[in-house]
Amino acid sequence: MIDHAIILAAGASSRLGQPKALVKLHGKTLIELVDSRLRNMGLNVLVVTRSELKDKIASILKNSIIIINPNPDAGRTGSIQCGLLEFQGKPILLVPIDRPGFSTSTLKLLINSKTTSCPTSNGIGGHPVAISIKDSKRILDAHPDTPLRDIITPKRLKVNDKNLHLNIDTIDDLENLKSSLIMKSGDYFNEV
């Protein structure tokens with residue numbers, strides 16, 4: 001069972017024109033929504049971000065560990081490595097901030113995975129990704145600009161999340177996310 005999650009929020013957000021973690025959705029930031037969903041599943045959350053976002057994110061997320069990737073433009077694997085150094089020896093859940101279209105049922109499936117796994121919909125893999133201890137070590141040994149898909153081969157878990165592949169890169173993507181959110185018990189979910 002996985003007890004730890006790493007939110008990856010160190011990207012430059014150049015196409016969106018604003019930090020993805022701080023975009024507002026129905027009065028909350030994306031980082032708040034994702035962090036809340038993970039905490040509601042009992043996960044310890046760590047956020048990897050850029051130096052210029054650390055204080056803003058820390059003021060929003062009072063109970064999460066916030067660390068800086070000193071060289072975020074070197075590649076996403078470098079951000080993953082920063083987080084893995086904090087959770088060495090433990091399986092973790094990788095959650096890119098710009099891929100929030102997963103459901104609670106998908107989170108449960110991944111948290112209970114005993115191997116490196118990712119959700120799959122319509123034959124295409126998605127996020128979050130459950131990372132085993134063995135694969136965490138492989139990621140730590142890789143060069144920071146190596147794509148994750150070149151380091152690990154996750155077991156594919158078929159899910160029915162209609163927005164699994166939504167990637168928040170543009171204003172249109174952001175509008176699609178806003179229209180797909182459903183309010184349920186004070187939190188936002190993307191259930192099928």
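All of the numbers you see were taken from the coordinates with simple rules; none came from a lab. Predicted model only: the values in this text are computed from it and were never measured. Here Cβ is always computed from backbone atoms with ideal geometry, including for glycine, and neighbour counts include all displayed protein chains.
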task: Check cross-link reach from K162 to the aspartates and glutamates: straight Cα distance under 13 Å, and skip same-chain residues fewer than eight apart.
output: E191
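What percent does the relative contact order of the chain come to when contacts are Cα pairs within less than 8 Å and at least six residues apart?
Once normalised by length, the contact order is 25 percent.
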Cβ-based exposure ranking for V159, V45, in which fewest neighbours within 10 Å come first: V159, V45
task: Search the structure for amide H atoms under 5 Å from the amide H of H4, placed 1.01 Å from N in the peptide plane, and list their residues when 5 or more places away or on another chain.
output: N44, L93
task: Can you check what the net charge comes to around T120, using other residues whose Cβ is under 9 Å from the Cβ of T120 (Lys, Arg +1; Asp, Glu -1)?
output: +2
- prompt: Summing Lys, Arg as +1 and Asp, Glu as -1, what charge do residues with Cβ under 14 Å from the Cβ of I68 carry, I68 excluded?
  reply: -1
statement: Given Cβ charges of +1 for Lys and Arg and -1 for Asp and Glu, the option among G125, L177, I111 whose Cα lies farthest towards the positive end of the dipole of the chain is I111
field: [x] 30, 16, 15; [y] 22, 20, 16; [z] 30, 20, 14, with the label sought being that of the calculated semi-axes √(5λ) of the Cα gyration tensor in Å
entry: [y]
- prompt: In straight Cα distance, which aspartates and glutamates are under 20 Å from K90, not counting same-chain residues fewer than 8 positions off?
  reply: D3, D35, D135, D141
message: Taking the Cα centroid of the range 76-116 and of the range 38-65, what is the distance between the two, rounded to the nearest whole Å?
response: 14 Å
- line: Checking rank on 46-57, 136-147, with mean other Cβ inside 10 Å and highest first, the result is 46-57, 136-147
task: Anything over 23 Å Cα to Cα? Flag those among K108/K158; K24/K158; K134/K155, in the order listed.
output: K24/K158
- request: Note down the net charge around S136, summing +1 for each Lys or Arg and -1 for each Asp or Glu among other residues with Cβ under 13 Å from its Cβ.
  value: +1
- request: Under 16 Å Cα to Cα from K28, which aspartates and glutamates show up? Leave out anything in the same chain fewer than 8 places away.
  value: D98, E175, D187
